[in-house]
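The values are calculated or read from the model by the stated rules, or taken from the named source; none is laboratory data. Predicted model, so just to flag it, every value in this text is computed and none were measured. Here the Cβ positions follow ideal geometry from the backbone for every residue, glycine too, while neighbour counts run over all protein chains shown. Surface accessibility is based on the protein's heavy atoms, side chains included, excluding ligands, DNA and RNA. Shrake-Rupley method; radii C 1.70, N 1.55, O 1.52, S 1.80 Å.
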Amino acid sequence: MVTSSEVRSTLRGTPVVPALAHGPAVLVRSAVSPEAIAAFEPSFADADAALAAYVEAAQAVSEGFARKADKASGAAAEVLTASAGLARDKGLRAAVRKHLAAGEDLLTAVHSGVEQFVTVFTGMGGLMAERVTDLHDIERRIVAHLVGEPEPGVVVPDTPSVLVAEDLAPSDTAGLDPAVVLGLVTERGGPTSHTAIIARQLGIPCVVGVAGAMTIPAGTPLLVDGTTGVVELHPDPAEAEERVAADVAQRASLASWEGPGATADGVSIKILANVADADSARSASAAPVQGVGLFRTELCFLNRQDEPSVEEQASIYGEVLGPFGQDRYVVVRTLDAGSDKPVAFATHAGEENPALGVRGLRLSFDNPGLLDRQLEAIAKAANATGTEAWVMAPMVATVAEAGDFAAKVHALGLKAGVMIEVPSAALLAHRILEVVDFLSIGTNDLTQYTMAADRMATDLAHLTDPWQPAVLQLIAITAEAGFHAGKPVGVCGEAAADPLLACVLVGMGVTSLSMAAAAVRPVGARLATVPMDVCEDAAEVALSATDPAAARDAVRALLLG
Ligand code: PEP
Ligand code: MG
C-alpha cells in the first residue's frame, strides 16, 4: 500500500552536475540537536574530570579533521589541517579549564572558551577573523561528542546515498567519496557555491537551491536529475534504475572522449583546465586538454603571511607550467586576492564591502611592486620550463587598467589578457581588445556583479545563475567583440563546465572553454555532437528566453530533443 508519505512528488532547483543519481536521502544536520543538549546531565567528580572529557572530545574532533585532510589536497587540505590543530589547541584548553574552575558546567565552559577565542580572532581581523567560522564548527563538533551524538556535518553513509543538506561547508565536502555519495541536493546555494564547485570537481550529480529539501524525510528514495534540476521523491524504483543505467552508459561513452575540442562539424574550440597548484596541474595535464585556461595563483598563498620571494614564486609557478610541456600553454592569472580569497600579504583589511573593494588588479594600484614581482616570477617560470605562459589580470574595470597591465606583460615578452568579470569591461570589450591579446570571461564574478547578488549568498541561487539573460547578453557582447578583433575570447568561470551552456557560449563566438578537469570530458563530448550552426541557434534561444529555467529548457529541447 502506498502511504501518503510515499506519494511521488518533485522538488526543483538549479542543476549543477548533469548526471542522474538514485538512492535514499541522508540528511546532513548542521547543528547538534537541542534535545540531546537538554538531556546532557553529566556527573563529573570535579573540574579535572570535566576537563578530561573535554580533552578526549577535542582530540576526537582533531583526529576527524586530520583524517579528512589526508584525503584532501591543496587549499582544502591546508584548511583542514589548520582546524585539526585548532581543535586541540592548548590555549583553547586553558580557556575551558579557566571557565570550569570558575564553576561553569562543561558545555557552558566550552562555549565560553570558544567565545574568548572568537573575540581575539575577530580583533585580529583579516585571515584570523575568517577562522571564526572554523571555531564555531569545532565547538559544535566537540559538543556533539560530549552529548553522544554524531558530529554535525557530513556523516559518511554506510550504503550509497544521496546527501541532502542546507548547504555544505568546505570541511564537509573535502574528501567526499563518489562511491557512497551518489548525489548532492542542497536547499541553499547557487551554481558558484562551494558545494557546486566541489560537486563538479568530483563529478557527483548535484542540484542546489532546492526549496524544501530539508523537509525530505531521511531515507526517502530520491531520483536526482542534475541536468533538469528536478529531484523526484519516491520514484518508481525500476524506472529510476533504468534511467540511471542509461545515464551511466551515456557517461561512459563520454569518458572515452579524447579531444581535441571541436564542434560536430569540426570548428576547433580549445578545451582547457582550471588549476590551483602543482597537484591539480599534474592531474589536469593527463586530461585531454590543450592547456590551462585559468591558473588561480592566489590559491597557492591563502595560508602565507608574507609575500614569497620572486625565486620561490617562480618555482611554484614552474611546477604548474612544467607538466604542460612545450606544446600546450598555461594562462596564469595574477593574484586575485581579496573578498572571498583573502591573502594576508596582499589583502586590504577591514573593508566594508570587500567584493566591491580593493581586490584583484586593484591591489597593484598602491602596491605596484607586488604585481611587478609576480610578473617577473611568471616570466622566469616560463623561461625555465619552456611552457608558453599567457598572463591575465582579474577584476579589470577600465580600458586604462587593461592598457597599463598589458604594457607590463608585453615588456616581459608574454601575451597579455584580462578577465571580463565586471559589466563595465564587458560593455567595453571592443576597446579593451585594442590593448590586449585575449579576453577570458569569468562568469562567476560577471554574474555576481551583473545581478548585484553575492556569489556566496545561499538565498540568491535564482540570481547567481549564469543562464540569466542579462549575463548571457554581456557574454555575447564580449564574444562578438573578440570575433571582430580576431582575438581569442575564452570562458573560465563555472559556466564553461555546464555542457549545454558550453554549446551556447560557443554559439556566441567563444573560442575556448576552461573548467575543472572533471568536466572536460562531458563538455568536450557534448560539444562534439553539436554542429556550429546549432550552437548558434542555441545561443539565440538562450538569449531570447525570459529567465534561466526557460533558457535551459529551450536549449535542452534544441540539443537533446
Ligand atoms: C570567475 O569569476 O568566473 C572566475 C573564474 O574567477 P574566480 O572564480 O576565481 O573568482
Ligand atoms: Mg572571479
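Let's see how each residue does on (1) closer than 20 Å to Leu363 by Cβ; (2) without any contact (Cβ under 8 Å) to a residue 40 or more places away in the chain; (3) of a type in the set (A, V, I, L, M, F, W, C); (4) open to solvent by less than 60 Å² (accessible area, probe 1.4 Å):
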{"residue": "Gly261", "(1), (2), (3), (4)": "no, no, no, yes"}
{"residue": "Ala276", "(1), (2), (3), (4)": "yes, no, yes, yes"}
{"residue": "Ser283", "(1), (2), (3), (4)": "no, no, no, no"}
{"residue": "Pro288", "(1), (2), (3), (4)": "no, no, no, yes"}
{"residue": "Leu294", "(1), (2), (3), (4)": "yes, no, yes, yes"}
{"residue": "Gln305", "(1), (2), (3), (4)": "yes, no, no, no"}
{"residue": "Gly318", "(1), (2), (3), (4)": "no, no, no, yes"}
{"residue": "Gly325", "(1), (2), (3), (4)": "no, no, no, yes"}
{"residue": "Val330", "(1), (2), (3), (4)": "no, no, yes, yes"}
ask   = Take the residues of the stretch 426-456 that are of a type in the set (Gly, Ala, Ser), out of contact with any helix residue (DSSP H, G or I) (no Cβ under 6 Å at 6 or more places or on another chain) and open to solvent by less than 40 Å² (accessible area, probe 1.4 Å): which is farthest from ligand 2 (Cβ to nearest atom)?
value = Ala453
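Among the residues of the stretch 425-462, count how many are assigned to a helix (DSSP H, G or I) and either aliphatic (A, V, I, L, M) or within 15 Å of ligand 1 (Cβ to nearest atom) (or both).
We begin by selecting, within the stretch 425-462, every residue assigned to a helix (DSSP H, G or I); these are 425-427, 429-432, 443-451.
Narrowing further to those that are either aliphatic (A, V, I, L, M) or within 15 Å of ligand 1 (Cβ to nearest atom) (or both): 425-427, 429, 432, 443-451.
Selection size over the stretch 425-462: 14.
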Matching residues in the stretch 472-491 - criterion: being within 17 Å of Ala416 (Cα to Cα), out of contact with any helix residue (DSSP H, G or I) (no Cβ under 6 Å at 6 or more places or on another chain) and hydrophobic (A, V, I, L, M, F, W, C) = Ala485
key: Answer from Ala36, Ala94, Ala57 - the residue that is assigned to a helix (DSSP H, G or I) and touching a His at 6+ places or on another chain (Cβ under 6 Å)   = Ala57
ask   = So which residues in the stretch 530-561 are over 28 Å from the mean Cα position of the chain (by Cα) and assigned to a loop (DSSP other than H, G, I, E, B), if there are any at all?
value = Pro531, Gly561
ask   = Any residue at all in the stretch 43-50 that is among the hydroxyl-bearing types (Ser, Thr, Tyr) and in contact (Cβ under 8 Å) with a residue 40 or more places away in the chain?
value = no
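Which one is nearest to Gly13 (Cα to Cα), of the residues in the stretch 193-222 that are in a helix (DSSP H, G or I) and hydrophobic (A, V, I, L, M, F, W, C)?
Filtering the stretch 193-222 down to residues in a helix (DSSP H, G or I) leaves 194-202, 213-215.
After this cut, where a residue has to be hydrophobic (A, V, I, L, M, F, W, C) as well, the list is 196-199, 202, 213-214.
Values: Ala196: 12, Ile197: 16, Ile198: 17, Ala199: 15, Leu202: 20, Ala213: 9, Met214: 13 Å.
Checking each candidate, the answer is Ala213.
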ask   = Can you spot a residue in the stretch 394-404 that is on the phi > 0 side of the Ramachandran plot, crowded, with 19+ Cβ neighbours inside 10 Å, touching a residue at least 24 places away in the same chain (Cβ under 8 Å) and within 16 Å of ligand 1 (Cβ to nearest atom)?
value = yes
task = Hey, could you check the stretch 321-363 for residues that are acidic (Asp, Glu) and within 14 Å of ligand 1 (Cβ to nearest atom) and say which is modelled with the lowest pLDDT?
result = Asp340
query = Just for the stretch 457-509: of the residues that are among the hydroxyl-bearing types (Ser, Thr, Tyr) and at pLDDT below 95, which one is least open to solvent (accessible area, probe 1.4 Å)?
reply = Thr464
remark   = Just one listed residue, out of Ala416, Ala407, is surrounded by fewer than 24 Cβ atoms within 10 Å (Cβ to Cβ), over 22 Å from Gly318 (Cα atoms) and away from ligand 2 (no atom under 13 Å from the Cβ), and it is Ala407
ask   = For the stretch 55-66, does any single residue satisfy the condition of being touching a residue at least 40 places away in the same chain (Cβ under 8 Å), touching a Leu at 6+ places or on another chain (Cβ under 8 Å) and farther than 26 Å from Ser339 by Cβ?
value = yes
Answer residue from the stretch 510-561, given it is farther than 15 Å from Pro466 by Cβ and basic (Lys, Arg) and is surrounded by the fewest Cβ atoms within 10 Å (Cβ to Cβ) among those = Arg556
key: Given (1) of a type in the set (Phe, Trp, Tyr); (2) open to solvent by 20 Å² or more (accessible area, probe 1.4 Å); (3) within 16 Å of ligand 2 (Cβ to nearest atom), index of the condition Trp257 fails   = (3)
